[in-house]
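Here's the structure, in structure tokens; my notes come after.
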Amino acid sequence: MSDPGSQKAELEITAESEQVASSSEPAPARRRRSRSLAAESSVNMDELRELVQLINENDFNEFELEREGFRVRFRRGMEISEVARRELTAGGSATEPSPTLAPSHPGAKAQTEASEDQDLYIIPSPIVGTFYRAASPNSDSFVKIGSIVEADSVVCIIEAMKLMNEIQAETAGEVAKIYVENGQPVEYGQPLFGIRK
Amino acid sequence: MDFEHKMKPELRKFKKILIANRGEIACRIIWTCKEMGIRTVAVHSDVDRDSLHVRFADEAACIGPAPSAQSYLNIPAIISTAEIFNVDAIHPGYGFLAESSYFAEICAACNIKFIGPPANIIRLMGDKVEARRAMAEAGLPVLPGSPEPITSEAEGLKLAREIGFPVIVKAAAGGGGRGMRIVHTAEELGKALETASTEAAAAFKDGSVYIERYLQNPRHIEIQVLADEYGDCIHLGERECSIQRRHQKLLEEAPSPVLSPKLRNQMGAAAVAACKQLGYASAGTVEFLLDEDNKFYFMEMNTRIQVEHAVTEMVTLADIVRNQIRIAEGEPLGFTQDDLLIVGHAIECRVNAENPETFAPSPGLITAFNLPGGPGVRVDTYVYAGYRVPPFYDSMIAKVITHARTRELAIARMKRALEAMVIEGIKTTIPLHLKILDDPDFRAGKISTSFMEHFLKQNGTKVLKSESGVGALVG
């Protein structure tokens, strides 16, 4: 969702007299606060420049400030369509379930990380179970970052129903990434290691 | 019929349940768990990542690739997930592992409660020959037939002559209409025994078949029972499931348009007595055939929640899934037969992703989807606009249930609900249901298990053709 490489930024300044279509706050609440429109509605550009600079320096992705008479919203690094979609679902659209409802998936984090490593050969978990990097709590890990493996090298153990299943690398190369921490549950297909061939 | 809402979630025995299923029934179970304050764990195959049951469960794990044998039937993967997530119980839904006594035993061995009856009863009812004998001993009327599997054509012929043609050859391990043959004359018997046995062996890895008298135009009437672990058992009335095509139910209703209160009590009491005799515990369904003289015969028992349970829930106000969970927690029933209330009439239409003319499966991307609503309409589904119906599993994508004061009103309600249900991108059986709802015999309640055969002959498939794009969104 958030793409730090993108320079696209969205700046939205809303004077009180304008309608804010996508605001999550109900309009009447805002209207109640508007008293002296003439005194507040002119935005000081210098102040705004300073504000934007402050936001940039602090590396914010999203910033919203509402004061009597004006509202400023700053946003960057997001595809507009993504933003729109999220607001749509948050508003109770029936077409797609809200992402906030998505359950905790053990493999979600590893999946996201591995998707960025296009150049690596990914060893996925063949079963659901618990991931162990060593044969026993006291022994050394099978592999570390930088270890050289053969196709038949054991890289980890996945315990399922009290059975220890040894997982092999299936390709020769160097261990470049380890996506799962020792003792964590893993699901079918979840990336475990990234191997540089 | 739910008297347990006094129970606070923190006092519940089950804190977390794993649902070993997919589709609408997995969602259905999640809804009740949410109401009971129980956390849920969804398991899914890698193609079901976007399925609603995965989205709405509290936790989820992918357990294997698309083929059921490697995912939804993969017992080690399911048990492993149950252990990782530390669940108290597993709800098997229907299909998949719901009637696997082996799975129930494994759950027990792993100290996880299987939400269903004891494993020995699942095994007994899974063997149709044994089930017939056990139920006959428990006092249920059965059709004349073979007490043991048929071993030779000569033996079959002798028996068939005794009970009189036509007879039906059925698979002992059967279900879903596979391994079944109707035999009208002695000459046909040999071949029927052979093909039924081959089919049964292929489908169930067990080729044993048996013979029973074949009723010409029976109704399929089933009794929903609830039994606790202390020997208490009641029934929730009947469901009429005569509208079937190739032994697959299409449309069900409750109550049956032909059952008198007296007959309902008789059938219900017989089912309850048999379940008590067996030591049954959990929700279950005793299926009967009802002949034209209103005589009923035990057919089989389903030891799980059924697809059509919703029509019973509508007319009795009971939550059957909730009761399954409560009973598995060890709670007593908490109500008696006198508490049974049957209010109005409910109908269910199964919406399948199938071509309504050819019944060929129609998986694919749902491009537009509108759920019907309004008074007395319930839809149990797991699909949405933008969802791709996978080709690997059952074709049923939604159940539309309507409830009204009378049968006539429930039919009218169903018609307008189906007309407002828009599913674009794939073909569904909605046009077929609309035709059935308009059929004069159906409207008059003159139905039997041969209804669909006559209906399809009479209507052909051309009438359905013009209506395959039913419903349109306005505005």
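Taking segment B:341-361 on its own, how many of its residues are of a type in the set (S, T, N, Q) and crowded, with 21+ Cβ neighbours inside 10 Å?
The initial filter retains those residues of segment B:341-361 that are of a type in the set (S, T, N, Q), namely B:352, B:355, B:358.
Checking which are crowded, with 21+ Cβ neighbours inside 10 Å leaves us with B:352.
Within segment B:341-361, residues that are of a type in the set (S, T, N, Q) and crowded, with 21+ Cβ neighbours inside 10 Å number 1.
Between B:SER71, B:SER80, the distinction of being hydroxyl-bearing (Ser, Thr, Tyr), touching a Pro at 6+ places or on another chain (Cβ under 8 Å), free of Cβ contacts under 8 Å to residues at least 40 places away in the same chain and within 26 Å of A:ALA108 (Cα to Cα) belongs to B:SER71 only. Scanning segment B:193-240 for residues that are within 16 Å of B:GLU300 (Cα to Cα) and free of Cβ contacts under 8 Å to residues at least 60 places away in the same chain returns B:TYR214, B:GLU238.
The rows are residues; the columns are (1) among the aliphatic types (A, V, I, L, M); (2) surrounded by 15 or more Cβ atoms within 10 Å (Cβ to Cβ); (3) within 26 Å of B:PHE85 (Cα to Cα).
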residue	(1), (2), (3)
A:ALA110	yes, yes, yes
A:LEU120	yes, yes, no
A:PRO124	no, yes, yes
A:GLY146	no, no, no
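Does B:GLU467 count as modelled with pLDDT under 95 and acidic (Asp, Glu)? So B:GLU467 fits the description; yes. Each residue in segment B:73-101 was checked for being of a type in the set (Ser, Thr, Tyr) and within 12 Å of chain A (Cβ to nearest Cβ), and 2 pass.
Select from segment B:324-363 the residues that are of a type in the set (Asp, Glu) and touching a Lys or Arg at 6+ places or on another chain (Cβ under 8 Å) and write down the one among them that is farthest from B:TYR382 (Cα to Cα). Please lay out each step first, then the result.
Within segment B:324-363, the subset of a type in the set (Asp, Glu) is B:329, B:331, B:338-339, B:348, B:354, B:357.
Now restrict to residues that are touching a Lys or Arg at 6+ places or on another chain (Cβ under 8 Å): B:329, B:348, B:354, B:357.
Numbers: B:GLU329: 27, B:GLU348: 16, B:GLU354: 16, B:GLU357: 24 Å.
Selected residue: B:GLU329.
Output the number of residues of segment B:54-66 satisfying the condition of being more than 7 Å from chain A (Cβ to nearest Cβ) and either of a type in the set (Asp, Glu) or closer than 15 Å to A:ILE127 by Cβ (or both). Summing the residues that are more than 7 Å from chain A (Cβ to nearest Cβ) and either of a type in the set (Asp, Glu) or closer than 15 Å to A:ILE127 by Cβ (or both) in segment B:54-66 gives 1.
For the residues B:ILE30, B:ILE17, the requirement of being part of a strand (DSSP E or B) and under 25 Å from B:GLU313 (Cβ atoms) singles out B:ILE17.
Against the condition closer than 12 Å to B:MET180 by Cα and of a type outside the set (S, T, N, Q), how does B:ILE211 come out, does it pass? When the stated conditions are applied, B:ILE211 passes them.
So which of B:GLY425, B:GLY475 is at pLDDT below 95 and either touching a Gly at 6+ places or on another chain (Cβ under 7 Å) or more than 22 Å from B:PHE359 (Cα to Cα) (or both)? Quick ask: steps written out before the conclusion?
Numbers: B:GLY425 fails: at pLDDT below 95.
Step by step, each of B:GLY425, B:GLY475 is checked, and only B:GLY475 is at pLDDT below 95 and either touching a Gly at 6+ places or on another chain (Cβ under 7 Å) or more than 22 Å from B:PHE359 (Cα to Cα) (or both).
Of all the criteria given as (1) in contact with a Cys (Cβ under 7 Å, 6 or more places away or on another chain); (2) more than 24 Å from B:PHE96 (Cα to Cα); (3) part of a strand (DSSP E or B), the one not satisfied by B:GLU252 is (2).
Determine if segment B:45-53 includes at least one residue that is within 12 Å of chain A (Cβ to nearest Cβ), in contact with a strand residue (DSSP E or B) (Cβ under 6 Å, 6 or more places away or on another chain) and under 18 Å from B:ASN86 (Cα atoms). Checking segment B:45-53: not a single residue is within 12 Å of chain A (Cβ to nearest Cβ), in contact with a strand residue (DSSP E or B) (Cβ under 6 Å, 6 or more places away or on another chain) and under 18 Å from B:ASN86 (Cα atoms).
Can you tell me which residue in segment A:142-197 is farthest from the chain's Cα centre (by Cα), limited to those that are of a type in the set (Lys, Arg) and either part of a loop (DSSP other than H, G, I, E, B) or within 14 Å of chain B (Cβ to nearest Cβ) (or both)? Full working, then the answer.
Quick first cut of segment A:142-197, residues of a type in the set (Lys, Arg) only: A:144, A:162, A:177, A:196-197.
Of the ones still in play, those that are also either part of a loop (DSSP other than H, G, I, E, B) or within 14 Å of chain B (Cβ to nearest Cβ) (or both) are A:144, A:162, A:197.
On the way: A:LYS144: 26, A:LYS162: 34, A:LYS197: 28 Å.
Filtering segment A:142-197 for residues that are of a type in the set (Lys, Arg) and either part of a loop (DSSP other than H, G, I, E, B) or within 14 Å of chain B (Cβ to nearest Cβ) (or both), the one farthest from the chain's Cα centre (by Cα) comes out as A:LYS162.
All of B:ILE106, B:ILE90, B:ILE63, B:ILE79 fail the test of being assigned to a strand (DSSP E or B) and closer than 21 Å to B:LYS13 by Cα, apart from B:ILE90. B:LEU236 meets all of the listed conditions (1) on the phi > 0 side of the Ramachandran plot; (2) modelled with pLDDT of 95 or more but one, namely (1). Counting only helices (runs of 4 or more DSSP H) that fall entirely inside segment B:110-218 and contain at least 2 residues that are farther than 22 Å from B:GLN244 by Cα and among the acidic types (Asp, Glu), the qualifying elements are B:128-137, B:153-163, B:186-204. In segment B:159-180, the residues that are closer than 15 Å to B:LEU215 by Cα form Cβ pairs under 6 Å with partners that are among the hydroxyl-bearing types (Ser, Thr, Tyr) and in a loop (DSSP other than H, G, I, E, B), at six or more places apart or across chains, as follows: B:PRO166/B:TYR214; B:VAL167/B:TYR214; B:ILE168/B:TYR214. Annotation: B:LYS113 fulfils all but one of (1) in contact with a helix residue (DSSP H, G or I) (Cβ under 6 Å, 6 or more places away or on another chain); (2) closer than 24 Å to A:GLY107 by Cβ; the unmet one is (2).
Within segment B:390-412, one or more residues are in contact with a Gly (Cβ under 6 Å, 6 or more places away or on another chain), over 16 Å from B:LEU52 (Cα atoms) and surrounded by fewer than 19 Cβ atoms within 10 Å (Cβ to Cβ).
Screening segment B:418-463 for residues that are over 26 Å from B:PRO363 (Cα atoms) and among the aromatic types (Phe, Trp, Tyr) and picking the one that is farthest from the chain's Cα centre (by Cα) gives B:PHE442.
Within segment B:244-256, which residues are over 13 Å from the mean Cα position of the chain (by Cα) and crowded, with 16+ Cβ neighbours inside 10 Å? Before the answer, list the steps.
Just the residues of segment B:244-256 that are over 13 Å from the mean Cα position of the chain (by Cα), to begin with: B:245-246, B:254-256.
B:ARG245, B:ALA254, B:PRO255, B:SER256, listed by residue number.
In segment B:257-273, which residues are closer than 13 Å to B:GLN224 by Cα and buried (at least 18 other Cβ atoms within 10 Å of the Cβ)? If the condition is that a residue be closer than 13 Å to B:GLN224 by Cα and buried (at least 18 other Cβ atoms within 10 Å of the Cβ), then B:ARG264, B:MET267, B:GLY268, B:ALA270, B:ALA271, B:VAL272 are the ones that fit.
The values are calculated or read from the model by the stated rules, or taken from the named source; none is laboratory data. Quick caveat, the model's predicted, so the values are computed rather than measured. All Cβ positions, glycine included, derive from the backbone under ideal geometry; neighbour counts span all protein chains shown.
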